[in-house]
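The structure appears right after this line, and notes come after that.
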Amino acid sequence: MGISQASRVGGAGLLALVATYGIGRQAYGLFVPTFREEFALPLDVLGFYASAAQAGYLVATVLAGVLAARFGPRVPVVAGCLLLAVGAAMTASAPGPLLLAVGVIAAGTSAGGAWAPFSDAVGHQVPSTGRRRALALVNAGSPVGLMVASVLVLGAGDRWRAAWWGFAVVGLVAAAAAWRVLSPVAVSGDLNRERLSFGWFFNTRSVRLFVVTLGISITSGAYFAYAPDTAQSAGLASWTGPAMWAVLGLAGAGVGVFGGGIANRYGLRAPLAVTLVLVAASTLALRVAAGSLVVALGSAAVFGVGFTTGFALLVMWSQQVFDDRPTTGFTLAIVFIAAGFIVGPGVFGVLATHVDRSAALLVAAAPALAVALVPPSREDRVDPHRLGRHRTERFMRADRPRRGPRRARMR
């Protein structure tokens, strides 16, 4: 029996996110203690490294949207995977803080090309019945990447540079898979459509999405940058960080891959609120007892479930709001994700350095907890009893001019 198109495209997306997100964007926190010691860098400087990587990610995200509209999803995804390989190689060979910064920023920037284009790839290369499963599979690449990173770090031991050389190899493999699977031509037709208005991007439906996206991203950015260092600074062994990331990846992938099924069964509103609370709670757990191995690993597991499933639901929410041009709309959502990942590590680093780490953890948890109170608009609350309706109608009307987001058709 052949591999389904949902599995092929979703699998290529999973591998691309393993490289660019799980490794390039989120594994950095594993190396904060090592970089502090080897390069004599203070915590706030390392926090700004993480924020600079997210700023590069923001620029790459916008560029990826343009490239995907003109050349299709293959070009930005392959470019992102190759950039990860280059950045990882630079980090592995860095003799000092300058080249280290360039390598880390390049690796973090790479994720900008990998995520949003899969909205179009799934929308146009996967049959409607398999799209949510494909999107959930793509999104699971992030925690799987953390598992891969953890295995490489634990295997490398004190030879942290060997782990980064391994990351470079993963980037090359992901680039080859994306080149083989993804469409080599533009599929959205965005360049030939009517120019989008401000109201298409910002309206009562999309603003809710962007607020929730920003809140969870601020908390997540701080957690990814500093959770391992927080546990090790509280007295836990050096292997605790990789172990936390392995648990995070295992729990996140184990639950997050079912994000499509969760939305199909329960809709978006309640599951999304639960995931936001989990992300906040995992951060607060480190404030209560970071020196406990059980708490540290439990925090990572809870965060993995909340983060992976929460972002899978955000992708689906974005497709509800921007159903006629999913990559264009989700690219803007990613801008808010990047903004949160810029703010989170920077603020945490400053507070941890100049106030104390306990206050930094409290501030970091607040945004995700606050936005749990913001539900999707009624039009975007997926009705589990009416899934799949209007798919044919959507594509029959694909060429019709659109002045703004319509009422969402139930997925």
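Tell me the angle of helix 5-17 to the major Cα principal axis of the chain, expressed in degrees between 0 and 90 and rounded to the nearest ten. It works out to around 30 degrees. For the chain, the longest principal axis of the C-alpha atoms and the axis of helix 204-233 are separated by about 20°.
For A234, no residue has an amide H sitting under 5 Å from its own, ignoring neighbours fewer than 5 places away on the same chain, with H placed 1.01 Å from N.
Accessible area ranking (1.4 Å probe, heavy atoms, ligands and nucleic acids excluded), largest first, for V104, V343: V343, V104.
How would you classify region 229-281 from its alpha-carbon gyration tensor, with a ≥ b ≥ c the square roots of the eigenvalues: rounded for a/c under 1.5, else prolate if a/b is greater than b/c, otherwise oblate?
Oblate.
Compactness of region 88-139 was expressed as the Cα radius of gyration divided by 2.2 N^0.38 Å, which yields 1.70. Considering only Cα atoms, the convex hull volume of region 199-252 works out to 87 Å³ per residue. Taking all protein chains as they are arranged and a probe of 1.4 Å, the heavy atoms of S197 leave approximately 50 Å² accessible to solvent. Classified by the C-alpha gyration tensor, region 138-234 has an oblate form. Its axis ratio a/c, with a ≥ b ≥ c, is 1.5 or above, and a/b does not exceed b/c. By definition, a body whose alpha carbon gyration tensor gives a ≥ b ≥ c is oblate when a/c is 1.5 or more and a/b is not larger than b/c, and region 1-74 fits this oblate description.
Extension gain for L99-L284 works out to 63.2 nm (0.36 nm per residue, less the C-alpha to C-alpha distance). Working note: Karplus 6.51/-1.76/1.60 with θ = phi - 60° gives region 306-317 the couplings x, 5, 5, 5, x, 6, 4, 5, 5, 4, 5, 4 Hz, where Gly and Pro are set to x.
The accessible-area ordering, largest first, of the residues I23, I262 stands as I262, I23, per a 1.4 angstrom probe.
Report the FRET efficiency, 1/(1 + (r/R0)^6), for V355 and R269, where r is their Cβ-Cβ distance and R0 is 25 Å, rounded to 0.05.
My answer for the efficiency is 0.10.
The accessible-area ordering, largest first, of the residues E379, E37 stands as E37, E379, per a 1.4 angstrom probe. Annotation: extensible slack from R180 through L373 equals 65.2 nm (criterion: 0.36 nm per residue apart, minus Cα-Cα distance).
The values are calculated or read from the model by the stated rules, or taken from the named source; none is laboratory data. Keep in mind that this is a model prediction, so the values were computed, not measured. Backbone-built Cβ (ideal geometry, glycine too); neighbour counts: all protein chains shown. Each accessible area value is taken on the protein alone, full model and side chains, heavy atoms only, with ligands, DNA and RNA left out. Shrake-Rupley method; radii C 1.70, N 1.55, O 1.52, S 1.80 Å.
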